[in-house]
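As structure tokens, the structure follows; a few thoughts come after it.
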Amino acid sequence: MSLTPQELVVAEKKVVGVLNQWSGEGFFRLKGLGERIRIENIQNLSAYTVSVKTQYEDRNVTPAHEPYRGGEIDNMGEPPDPF
């Protein structure tokens, strides 16, 4: 069963609202997630399946040692940020 254009607009607004509410409740969640997504498809079923495509990046800083082979030595300043 497909949705009429008017029902589709109402359903999209509802999805955006629910996602914004969910994303606003967690510390590590992206605030305003509903406003940042593109809805590809909505099907009128008795339950909803949400498929989210994300990109995840993990970084860390670890001390590294390199043997001295001559040249200038910089021991001033702070190590770089992970991001």
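On inspection, Asn44 fails the criterion of being modelled with pLDDT under 75, among the polar types (S, T, N, Q) and farther than 29 Å from Gln6 by Cβ. All conditions but one from (1) out of contact with any Pro (no Cβ under 6 Å at 6 or more places or on another chain); (2) at pLDDT 70 or above; (3) open to solvent by 100 Å² or more (accessible area, probe 1.4 Å) apply to Phe83; the one that does not is (2). Annotation note: Cβ proximity below 6 Å between a residue of the stretch 30-56 that is farther than 14 Å from Gly17 by Cα and in a loop (DSSP other than H, G, I, E, B) and a residue that is aliphatic (A, V, I, L, M) and open to solvent by less than 100 Å² (accessible area, probe 1.4 Å) (sequence gap 6+ or interchain) occurs for Ile42/Ala11; Asn44/Leu3. Are any residues in the stretch 32-49 more than 16 Å from Leu8 (Cβ to Cβ) and open to solvent by 100 Å² or more (accessible area, probe 1.4 Å), and if so, which ones? Selection gives Glu35, Arg36, Ser46, Thr49.
The values are calculated or read from the model by the stated rules, or taken from the named source; none is laboratory data. Every value quoted in this text rests on a predicted model; they were computed, and no experiment measured them. Every residue, glycine among them, receives a Cβ derived from its backbone with ideal geometry; neighbour counts consider all protein chains shown. Ligands, DNA and RNA are stripped out before the accessible areas are found, and what is left, the full protein with its side chains, is counted by its heavy atoms. Shrake-Rupley method; radii C 1.70, N 1.55, O 1.52, S 1.80 Å.
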